[in-house]
Each structure stands twice: as structure tokens, then as C-alpha cells.
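Everything below concerns the one structure shown next.
What follows is calculated from the coordinates using simple rules that are stated; it is not laboratory data. Keep in mind that this is a model prediction, so the values were computed, not measured. Using ideal geometry, Cβ is built from the backbone for each residue, glycine included, and neighbour counts are taken over all protein chains shown.
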Amino acid sequence: MLDVYVAKQLVGVLDQPDAYTFVFNYLPDTPSALPVSLLMPKRTESWTSRELHPVFQISLPEGALRELIVRKFGKRFEHFGDLELLAVVGENMIGRIQVTPHGQAIAGLTAHESLSRLIKEDTTNLVEHYLGARLHESGVSGGFMKFLAKSPTNDQDGRTTLALDDWIIKLNDDDHPHIVLVEYFGMMAARAAGLNVPEVHLSDDRKHLLVKRFDLTPEATRLGFEDMCALLGLPARDKFTGSVERVIKTIKTYCQSSQIQKSLNHFFGQYLLASTMRNGDAHLKNFGLIYDDIKNAKLAPTYDMLSMSVYAPALANGNDADDGLAINFEFYFSALKELRMDCYWQEAIF
């Protein structure tokens, strides 16, 4: 059983009574303005699911990081599934949701490592440092190795560096050489295209990339974040399903009215750039909404942009592999009409 916090306030309890049932219950005094998800408003009835609710899957580690966590913490549990993984990493995830074992208060993670050191640190030392004792601080999803880190206001010599900030650190992958450099170029291309992009730093050895967390305000207040997978009610494994039209409908349904057109333009800008770069990894978890209030949602900044086609094997005839987009149009022209793009994007397409 896990306690669930939103904006540091205890709002409910999450439990798994059997192998195929997950139940979330709101506490009676939970404010309606603090739902765990835009899809799950406060109610007296339980929110029951056959698998872990999509909103709680948003930041669950994937790939190599998940394997490391299972190896380190798996022996502490009779069974190690999604709920147990959430129990391990739940206190420090992307967004304003925090999860702790039932009855255990939020500990409040201490800050460590200045940004300057993070950039210069050897990759091996970074992995040992953050994926050793601090595995439980790595509540961030993604198939490639990445984890969360913090930078304090003062370095080891007492000199001021940066204000307290959280960072996502991304590492190279043996199966995808120089992927950190490829993503850095992708993020710079997004910025050059006029898209909203978080602060990004590439290490001198080009072995790790630091991306500033977009879900924290300058005052370190956590913002709500939900990716399109969760907003469509889909488990993380279905991130390659869906369509552009469904994303458009989600934006129009949940974004603040004054933010809808801007968010649509931003989404299509991301989609167009992903198409141009042949980013076959632009799936539903790479687009999302961010909000400080459930009535003030807007599209999140571009946080994952790179070309995966460079790693796709060539076809038998020697041509580049067909590495298409992860989500596509169902009805191309009707979707374009729904977007009601401004002249900039219309000219880019036509």
C-alpha cells in the first residue's frame, strides 16, 4: 500500500489487492483542485484498474535503469512489479505527484552536486554515484539510461554556482553510439525552430547531456505533468499507438482556452521537426501537458528530440531503413484543419 501526495499534500492511497487489480482512493478532505490526474478527478468511489493507473506509470524507469533497480531492490519484495517499482522511485518523479510507502512521510531529498561538477564528472563515476545508493531518486521514464540529479546553490568550496535546480542526466548507450550528441543537436534544432526548449548542457566529453527539468518553477514548486499516454488512458507499453488526431483532441479538451491554439501550434511544430529529422521515437510519452492548476494546462516544452533513423539498419537494397514516425495521422487533411495552424507552419508544409 502506498500513500500518494500531490503538491506535497497527502491526497489518497494506492493499493494492489490482487495480481490484476489496482485501486486508488482519495482521502475525504482532498481538495478538488489536487487530483492525481486530469482523467481522475476527486470522487468518493474508488478508481480501479486492471493494471497500474497510467498516471502512475508516467515516470516509471524503463530499459537498463529499470533492470538496475530490480536487481538492487527486487530481493526486498516477494514480488517486484510496477507497484513495487513505484514504491522505490516514487518520491522523486517528474511532475507534482510523490509516492511513499503507507504511513511514511515525504523525506525531502537533500541537494547534491553542482552543475559544473555534473558537466565535468566522468560518466562512470556518475553512474556509480546516482545509480548506486541513489537509485531510488531516479523516477524518470525512457528506454535509454537517464536519471535525476540536483545541483545546490554552493559548490564544495562554498562558492555560489546556480540556484537549486533538478536536472535530467542522459547517458550514451553502447547500442546507440553518440546518442547524447545526436539528442543535443535535436534539441538545438528545436530551439532554432522557435520551439519552447528547456535549458540543455552537453558535457565536454560528449558522454552525457543535462536537461533542466521543466516541471519545476524557479521557486522549486512542482508543476503537474501528464504525458499523452496517461492522458489517453493508455499504459506506457502502448506509447507507440494513438494518432495525431487523438493528441489534438486531448489538447483541445484539457488545455486552458487561451492556450489551446498556442499548444496546437507548438505540438505541430514538434511533430513537423520530428518528421523532418526522422525521429521514429516520437511516441506518446514524448508529448505532454504541464500545469500549475488543473484549469491552466498547456503543452509541455520539447523535452525529447533526436533522430533515431541514424541507428536503423539499412534495407537490403542499400537504401536507408524505413523508420517512420511512432504516431501518425488517421485522416491527414482533417487533422491539419483541426490544428488551424498559423502561416509559419502552413508554409513549412506546403
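Numbers at a glance
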{"item": "HN-Hα J in Hz across the stretch 234-240 - Karplus 6.51, -1.76, 1.60, θ = phi - 60°, x for Gly and Pro", "result": "10, x, 4, 5, 9, 5, 9"}
{"item": "Contact order normalised by residue count of the stretch 2-101, Cα under 8 Å, 6+ apart, percent", "result": "30 percent"}
{"item": "Highest average packing first - 242-248, 40-46, Cβ atoms within 10 Å", "result": "242-248, 40-46"}
{"item": "For the stretch 242-271 versus the stretch 25-95, the gap between their alpha-carbon centres in whole angstrom", "result": "26 Å"}
{"item": "Subset of Lys72/Lys298; Lys262/Lys295; Lys42/Lys212 violating a 27 Å alpha-carbon distance limit", "result": "Lys72/Lys298; Lys42/Lys212"}
{"item": "R0 of 22 Å, Cβ-Cβ distance Ser309-Lys262: FRET efficiency to nearest 0.05", "result": "0.15"}
{"item": "Long-range amide H partners of Met40 with built H, under 5 Å", "result": "none"}
{"item": "Karplus-derived 3J(HN,Hα), 6.51/-1.76/1.60, for each residue of the stretch 20-37, Hz, glycine and proline x", "result": "10, 9, 10, 10, 10, 10, 6, 6, x, 8, 5, x, 5, 7, 10, x, 6, 7"}
{"item": "For peptides 179-186, 231-238, sequence by mean Cβ density within 10 Å, most packed first", "result": "179-186, 231-238"}
{"item": "Cα gyration tensor, the stretch 218-267 - rounded (a/c under 1.5), prolate or oblate", "result": "oblate"}
